[in-house]
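Worksheet: the structure to be examined is printed underneath.
FYI, it's all coordinate maths here, none of it is from the lab. Just so we're clear, the structure is a prediction, and the values are computed from it rather than from any experiment. Glycine gets a Cβ as well: all are built from the backbone with ideal geometry, and neighbour counts include every protein chain shown.
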Amino acid sequence: MAEKWFQFSEESAGNKRLLLSYWAYKIFGSSVLRVIAFFVSLSVFLTASKRRRASEKLYKLLKKPPFITALIQFLNYGNALVDKFVSVVGDFDANKIIIDDIEIYNGAFFITSHIGNIEILRSLINEYKDIHINIFLQANACKIFNEFLKRIETKVNADIFPVEEISPETSILISERLKAGEIVFMAGDRVSAQSSNTVYEADFLEKKINLPLGTLKFALLMDVPIYFIVCVKDGEKYRVLTRKFENYNQSKKITLENLKKEYAEFFEEVTMKYPYQFYHFYDIFDNQ
């Protein structure tokens with residue numbers, strides 16, 4: 001049985017590495033970080049065989065040269081991490097983001113995917129200070145991110161919540177914030193360790209995969225507009241792609257089934273359109 005993404009040893013940057021990157025960025029600029037990211041990504045590609053094989057499996061299904069395409073994917077991810085880092089410290093140019101009228105999204109629930117670089121949207125906070133966002137992350141990432149922001153004394157107009165700790169109190173709080181015009185982001189394409197038994201089966205590239213059911217149920221519970229969203233690199237800029245879910249039914253069960261189907265279709269569509277930005281590094285097709 002293949003390992004799930006949450007069973008892999010943590011290879012993302014901890015607080016010390018983030019702080020080191022922060023000072024390197026402040027002293028030398030982003031170019032140095034991109035050089036470092038290139039060699040780190042290349043090293044991981046060559047040594048992390050399970051991750052590489054998972055990517056190659058995907059690209060075989062997409063009928064692309066698996067080894068070369070996976071290499072491009074890894075290198076793209078390294079560069080995306082630098083962009084993400086620059087956006088976190090507040091220096092990413094919001095003019096490099098192509099997005100429709102953001103005002104229509106007030107009070108919306110966004111179901112995100114690990115395709116492209118959704119974190120880039122943090123840079124819009126400085127442009128739209130009246131919009132408050134609520135982000136659900138894995139608990140470990142939530143802790144690292146909050147501690148890093150505290151260390152560098154950077155404040156963002158956002159609250160970060162651990163996705164594993166959603167309680168009735170959290171639901172009430174988020175519902176009130178959405179009604180007040182705030183925005184919520186939650187990923188719909190990764191099953192967490194705590195919710196590995198709460199999944200639904202979806203069609204993806206003519207295979208079956210498991211996706212988390214909790215995200216969809218939580219979104220419907222909020223009773224607000226629901227959007228699927230990704231933010232993908234498009235040349236020198238990032239382009240935000242959204243699709244509104246509108247296929248509601250008097251039956252909650254049927255509405256949930258419609259939401260499952262439409263999110264899976266959106267996930268497949270953006271994967272096929274932007275395969276080099278598919279940043280899942282585990283075997284998404286292993287449902288056991």
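Summary table
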{"item": "Sorted by Cβ neighbour density within 10 Å, fewest at the top, the residues S175, S41, S87, S49", "result": "S49, S175, S41, S87"}
{"item": "Loop sites in the stretch 56-138: trypsin sites (Lys or Arg not before Pro), DSSP, at most 16 other Cβ within 10 Å", "result": "K63, K129"}
{"item": "Tail weight of P(r) past 32 Å, computed on alpha-carbon pairs of the stretch 13-277, percent", "result": "23"}
{"item": "Fewest-first ranking of L81, L71, using other Cβ atoms within 10 Å as the exposure measure", "result": "L71, L81"}
{"item": "Taking only Cα atoms of the stretch 173-272, radius of gyration then Dmax in Å", "result": "14.4, 45"}
{"item": "Least to most buried among M222, M186 (fewest other Cβ within 10 Å first)", "result": "M222, M186"}
{"item": "Reference-scaled alpha-carbon Rg (2.2 N^0.38 Å with N residues) for the stretch 32-142", "result": "1.27"}
{"item": "Low-density loop cleavage sites - chymotrypsin sites (Phe, Trp or Tyr not before Pro) in the stretch 204-288, where at most 16 other Cβ are within 10 Å (DSSP)", "result": "Y248, F285"}
{"item": "The stretch 225-271: GluC sites (Glu not before Pro) in DSSP coil with no more than 11 other Cβ atoms inside 10 Å", "result": "E236, E246"}
